[in-house]
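The values are calculated or read from the model by the stated rules, or taken from the named source; none is laboratory data. All values derive from a computational prediction rather than experimental measurement. When we count neighbours, we look across all protein chains shown, and the Cβ atoms used for this are built from the backbone with ideal geometry, even at glycine. Ligands, DNA and RNA are excluded from the accessible area calculation, which covers all protein heavy atoms including side chains. Shrake-Rupley method; radii C 1.70, N 1.55, O 1.52, S 1.80 Å.
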Amino acid sequence: MDEELALFRDSASRFVESEMVPQDPTWRQQHSVGREIWRKAGEMGLLCLDLPAEFGCGGGDFRHEVVFYEELARRGISGFGQGVHSMCAHYVFNYGTDEQKRRWLPRLAKGELIGAIAMTEPGAGSDLQGVRTRAVLEGDHYRINGSKIFITNGGQASCLMLVTRTNPEERKRGLSLLMVETTDLLGYRVGRVLDKMGMVAQDTAELFFEDVRVPVDCRLGAEEGLGMYQLMDDLPYERLVIALCGVAAMEGAVAETSKYVKERKAFGQAIGNMQTVRHKLAEIATVTRVARVFVDDCIGKLLAGKLDTETASMAKYWVTDMQQQVIDECVQLHGGYGYMNEYLVCRMFADSRVQRIYGGTNEIMKELISRSV
Ligand SMILES: Cc1cc2nc3c(=O)[nH]c(=O)nc-3n(C[C@H](O)[C@H](O)[C@H](O)COP(=O)(O)OP(=O)(O)OC[C@H]3O[C@@H](n4cnc5c(N)ncnc54)[C@H](O)[C@@H]3O)c2cc1C
């Protein structure tokens, strides 16, 4: 942190408090945050913060993104899929031509386009090389057929980073990434917005492609077959984003719980005076601090261009496991109120479960870590 970042945190925090927190109950009921909030966040300069200003983006670095993620996560605002939006922009920035960057980045940064990452399919989750959504080159267009599932921001997304199979003969070298603008796109259809355990303000959806045609210059990369390599390069960034949202949620839940136990009375005193309650708080505060130190170290490594896959996988797996344990204790310390959706820790508990599943399951993280041990 420095002075400029502290000022930025103030304005990001004010934005989340005034524009998002009051809307969250409505978003949870309608299973979507709507489009307007994306435009507002764009106008406030809160999107694509760590990409260069010459492409209409924030011109900051990863710390600016971190600040905004933290302000969202510690308040349990899980419907606004800023993570996948940023990742979508990152794919354009990392693998796009100058023309492609100018085509998509300014509109992603303004919130005119809503980004999504469309990898998972009904038959290909952990085993991403099993992707079957087919893109066939026909002259100057790709014709796309297939479907995706569990796509964050899927209901509203207007700009997809779509993982396709361009060569059915090859597994790893058979994938290519296409940027697909979906507005009025013939043959493209959003299926169900999925009925989930948590993150209910998020319009996670199924997507269908039936003879969808996109120009060949939507492909990221000079040739076909680079998709898997491009995905692997970007994964440490994505995993760290999941971990840092996890630690921010833990911090938010512990702060909320500490306040609650000081106010809640039983047997003639605040429950926070009881030794077992104080010890429980001490334990979860300690785990949260350890997670914070680890995640901060990873943030430093990412800024220095030194965050390796194993370390990012360790952060993703361990922090999200701890997130669930810590928030479970916070629910317990709230008693029956902890089971009520109007309480922050209740919503955070339900929202946290998926952190161990998406972005590569925690079992897959252990596979990756074990290769280096
Ligand atoms: C709310 C939500 C949002 C999501 N958002 C997105 C998104 O925006 N974009 C996107 O593309 N995807 C998204 N996903 C999909 C997510 O990334 C996948 O669900 C995840 O990668 C797991 O894939 P799967 O569901 O097919 O499970 P499977 O791969 O079928 O795994 C089932 C179980 O088997 C275990 N397993 C599988 N392989 C191994 C192995 N080699 N060793 C040990 N255990 C193994 C897994 O760990 C898991 O426990 C989202 C999912 C959810 C629930």
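So here's what we get for this one:
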item	result
Total residues in the stretch 295-323, condition surrounded by fewer than 18 Cβ atoms within 10 Å (Cβ to Cβ) and either in contact (Cβ under 8 Å) with a residue 12 or more places away in the chain or under 16 Å from Asp233 (Cα atoms) (or both)	9
Unmet requirement for Ala266, which otherwise passes all of (1) open to solvent by 20 Å² or more (accessible area, probe 1.4 Å); (2) touching a residue at least 24 places away in the same chain (Cβ under 8 Å); (3) more than 19 Å from the chain's Cα centre (by Cα)	(2)
All positions within the stretch 97-140 that are part of a helix (DSSP H, G or I), within 29 Å of Lys40 (Cβ to Cβ) and either among the hydrophobic types (A, V, I, L, M, F, W, C) or at pLDDT below 95 (or both)	Trp104, Leu105, Leu108, Ala109
Residue match in the stretch 231-241 (condition: farther than 30 Å from Phe294 by Cβ and either assigned to a loop (DSSP other than H, G, I, E, B) or within 16 Å of the ligand (Cβ to nearest atom) (or both))	no
Complete set of residues in the stretch 345-373 that are free of Cβ contacts under 8 Å to residues at least 40 places away in the same chain and over 21 Å from Leu235 (Cβ atoms)	Cys346
Residue satisfying condition, being more than 15 Å from the ligand (Cβ to nearest atom) and either without any contact (Cβ under 8 Å) to a residue 24 or more places away in the chain or not in a helix (DSSP H, G or I) (or both), within set Glu342, Glu329, Glu283	Glu342
Scan of the stretch 141-174 for residues that are outside any strand (DSSP E or B), touching an Asp or Glu at 6+ places or on another chain (Cβ under 8 Å) and more than 10 Å from the ligand (Cβ to nearest atom), ordered by number	Gly155, Gln156, Ser158, Thr166, Asn167
Qualifying residue in the stretch 204-225 (condition: in contact with a His (Cβ under 7 Å, 6 or more places away or on another chain) and in a loop (DSSP other than H, G, I, E, B))	no
Breaking point among (1) within 11 Å of the ligand (Cβ to nearest atom); (2) open to solvent by less than 20 Å² (accessible area, probe 1.4 Å), for Leu177	(1)
Candidate set from the stretch 49-77 (those that are in contact with a Gly (Cβ under 8 Å, 6 or more places away or on another chain), open to solvent by less than 30 Å² (accessible area, probe 1.4 Å) and small (Gly, Ala, Ser)); member that is nearest to Val295 (Cα to Cα)	Ala73
Residues within the stretch 222-233 that are crowded, with 17+ Cβ neighbours inside 10 Å and not hydrophobic (A, V, I, L, M, F, W, C), tallied	3
Output for the stretch 101-134, where each listed residue is within 14 Å of Met161 (Cβ to Cβ) and within 16 Å of the ligand (Cβ to nearest atom)	Leu108, Leu113, Ile114, Gly115, Ala116, Ile117, Ala118, Met119, Thr120, Leu128, Val131, Thr133
